[in-house]
Amino acid sequence: MECGCPGSLLSRHRSNFRYAPGVDAKTFRHAHRVTYAECTVGNHVYYSRYLDLLEAARGEFFRQLGAPFRHWQDQETIFPVVECRLRYKAPARYDDLLTIELWLSAAAGVRLNFACRILNQTGALILEGETCHVCTGVNEKPKRLPEELTRLLEPYVRAAH
């Protein structure tokens, strides 16, 4: 199945679903220690919990930009996920120290797409993926990304290859 987000890394590189951060833009890194509550009886992170981890990392990304989600909500702007794609490569386990890496794969018009990968403390690839967002008002009608945000995001946008 192909990610249908316009400008998506997956739609451009369907046969090569591998994210390797390049040198042409910044990569945001967020550390997370796996809690017992995130694991199954089999001692691995339950698959849907990775979406929570990615959401937390995106929240921290916006916070370090100096404009957390609350800032945009106060301006009646939100960024709902409209599509996501995750590929699980290895299990993360209780007490693993994970590094969640995010970078922008698209930020134009109403679109805001994040590519990501999660590594464990040994550097093993746990997950790779992409989330596709649309900028809307709190009324859920699409609107262009705010100029202030576009300016803040510029160092993080990857050039399309």
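Table for the structure above
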read-out	value
Residues of segment 143-160 classified as in contact (Cβ under 8 Å) with a residue 24 or more places away in the chain and exposed (fewer than 12 other Cβ atoms within 10 Å of the Cβ), total	3
Test: residue in segment 81-99 that is within 16 Å of residue 29 (Cα to Cα), modelled with pLDDT of 95 or more, in contact with a helix residue (DSSP H, G or I) (Cβ under 8 Å, 6 or more places away or on another chain) and in a strand (DSSP E or B)	yes
Any chance residue 61 is surrounded by 14 or more Cβ atoms within 10 Å (Cβ to Cβ) and either over 18 Å from residue 29 (Cα atoms) or modelled with pLDDT under 95 (or both)	no
Scan of segment 12-45 for residues that are surrounded by fewer than 11 Cβ atoms within 10 Å (Cβ to Cβ) and modelled with pLDDT of 95 or more, ordered by number	36, 37
Residue match in segment 103-121 (condition: in contact with a helix residue (DSSP H, G or I) (Cβ under 9 Å, 6 or more places away or on another chain) and surrounded by fewer than 16 Cβ atoms within 10 Å (Cβ to Cβ))	yes
Condition check for residue 49: without any contact (Cβ under 8 Å) to a residue 12 or more places away in the chain and over 16 Å from residue 29 (Cβ atoms)	yes
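The values are calculated or read from the model by the stated rules, or taken from the named source; none is laboratory data. Nothing here was measured: the structure is a model prediction, and the numbers come from that model. Please note: Cβ atoms are built from the backbone with ideal geometry, for glycine as well, and neighbour counts cover all protein chains shown.
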